[in-house]
Amino acid sequence: MKLLAGNSNPVLSQDVASHLDVPLCRAQVKRFADNEVWVTIDENVRGEDVFVLQSTSYPANDNLMELLICIDALKRASAKRITAVMPYFGYARQDRKTGGRTPISAKLVANLITRAGADRVLTMDLHSGQIQGFFDIPTDNLLAAPILGQNIKENYDNPSDLLIVSPDVGGVVRALQLASRLNADLAIIDKRRSGPGKSEVANIIGDVNGRRCILFDDLIDGGGTLCNAAQALIDGGATEVSAYVTHGVLSGAAVERVQASVLKELVMTDSIDVRERTEGWAKIRYVTCAPLIGEAIRRIANEESVSKLFD
Ligand code: R5P
């Protein structure tokens with residue numbers, strides 16, 4: 001197999017390569033003066049099984065174009081099979097029409113990746129599971145719950161006494177995956193959106209009084225969802241609230257917002273490279289997803305079961 005990395009997350013790409021003990025493919029993924037993406041692959045990939053590592057995170061459009069152009073370069077260089085490995089699949093929240101004359105951008109992005117020439121997709125904790133069906137090629141959607149659950153076991157006493165909380169109704173299945181791994185109870189926040197990027201807590205479904213809570217979400221963007229949910233839980237009598245999320249999008253003042261919130265800590269995977277922006281902020285720590293992504297790649301390359309990873 002060969003691993004080709006775009007520029008979205010060089011540290012994770014290198015960690016995945018080290019896990020697989022395979023060097024990253026020699027290639028240049030650069031920009032022309034006007035910011036057009038320019039790719040050249042500096043080694044033979046004819047007949048190879050190639051995995052392109054690239055999250056479509058901020059800057060989402062640039063990183064998406066890099067991915068598409070890398071796939072095109074590989075296709076024209078006669079790679080045998082191309083897998084788009086997107087630890088974070090951006091545009092996923094636009095997975096349905098939210099009103100008249102609105103796009104379904106997640107479907108458009110899936111079409112672009114397929115049309116560029118990808119044969120498979122490997123991703124993690126898609127915002128909604130049905131996005132898998134937007135791709136007409138095999139798509140593996142890895143779960144972060146096992147690695148995050150393991151981290152909870154290592155950092156929290158009596159994990160089965162914790163209360164896992166979904167910060168909105170859409171995240172219940174995901175939160176249940178974590179709760180059942182820990183043998184813990186589940187509560188749900190009834191979140192209402194008052195406008196783009198604005199949310200408030202309408203109700204808490206479940207008894208949180210006297211409980212240690214862990215919010216679990218697929219992503220944190222501006223931070224409103226998790227910080228508001230944490231405050232509502234504390235107001236409802238929770239003794240402490242932490243948050244575990246798969247993708248740290250962390251737009252705008254999210255880091256400062258988390259630091260100023262009642263959250264005890266925010267734990268994220270490294271699917272998105274935000275280390276520079278979070279360095280020195282005491283409440284934020286990481287769990288690497290490199291071994292999980294690496295193992296999934298190894299299994300795909302060897303035609304082994306990927307779902308076995310989550311038994
Ligand atoms: C929404 O359905 C998502 O799962 C996240 O809860 C949301 O996108 C987080 O956004 P923010 O951090 O800006 O509230």
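Yes/no per residue for (1) over 21 Å from LEU53 (Cβ atoms); (2) buried (at least 17 other Cβ atoms within 10 Å of the Cβ); (3) away from the ligand (no atom under 15 Å from the Cβ); (4) of a type in the set (A, V, I, L, M, F, W, C):
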{"position": "VAL255", "(1), (2), (3), (4)": "yes, yes, no, yes"}
{"position": "GLU265", "(1), (2), (3), (4)": "yes, no, yes, no"}
{"position": "ARG285", "(1), (2), (3), (4)": "yes, no, yes, no"}
{"position": "GLY294", "(1), (2), (3), (4)": "no, yes, yes, no"}
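Please go through the range 138-157 and pick out each residue that is part of a helix (DSSP H, G or I) and more than 30 Å from ALA110 (Cβ to Cβ). It would help to see each step written out before you state the result.
Keep residues of the range 138-157 that are part of a helix (DSSP H, G or I), which gives 145-155.
Across the range 138-157, the qualifying residues are GLN150, ASN151, ILE152, LYS153, GLU154, ASN155.
When the residues of the range 173-188 are narrowed to those that are within 21 Å of the chain's Cα centre (by Cα) and either open to solvent by 80 Å² or more (accessible area, probe 1.4 Å) or free of Cβ contacts under 8 Å to residues at least 12 places away in the same chain (or both), which ends up nearest to GLN150 (Cα to Cα)?
ARG181
So ASN228 fits all but one of (1) surrounded by 20 or more Cβ atoms within 10 Å (Cβ to Cβ); (2) part of a helix (DSSP H, G or I); (3) within 13 Å of the ligand (Cβ to nearest atom); (4) more than 18 Å from the chain's Cα centre (by Cα); what number is the exception?
(1)
For the range 212-219, does any single residue satisfy the condition of being within 18 Å of THR123 (Cα to Cα) and surrounded by fewer than 17 Cβ atoms within 10 Å (Cβ to Cβ)? Step through it out loud before you land on a result.
Taking the range 212-219 and keeping what is within 18 Å of THR123 (Cα to Cα), we get 217-219.
Restricting the remaining residues to those that are surrounded by fewer than 17 Cβ atoms within 10 Å (Cβ to Cβ) gives none.
No, because not a single residue in the range 212-219 is within 18 Å of THR123 (Cα to Cα) and surrounded by fewer than 17 Cβ atoms within 10 Å (Cβ to Cβ).
To keep it simple, each residue is scored yes or no on (1) open to solvent by less than 60 Å² (accessible area, probe 1.4 Å); (2) in contact with a His (Cβ under 9 Å, 6 or more places away or on another chain); (3) not in a loop (DSSP other than H, G, I, E, B).
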residue	(1), (2), (3)
ILE69	yes, no, yes
LYS97	no, no, no
GLY100	yes, no, no
LYS107	no, no, yes
LEU112	no, no, yes
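Picking from GLY197, GLY206, GLY280, which residue would you name as being away from the ligand (no atom under 13 Å from the Cβ) and open to solvent by 50 Å² or more (accessible area, probe 1.4 Å)?
Numbers: GLY197 fails: away from the ligand (no atom under 13 Å from the Cβ); GLY206 fails: open to solvent by 50 Å² or more (accessible area, probe 1.4 Å).
Answer to the selection: GLY280.
The values are calculated or read from the model by the stated rules, or taken from the named source; none is laboratory data. Computed from a predicted model, the values in this text were never measured in an experiment. Every residue, glycine among them, receives a Cβ derived from its backbone with ideal geometry; neighbour counts consider all protein chains shown. Quick note on the areas: whole protein, heavy atoms, side chains included, nothing else; ligands and nucleic acids left out. Shrake-Rupley method; radii C 1.70, N 1.55, O 1.52, S 1.80 Å.
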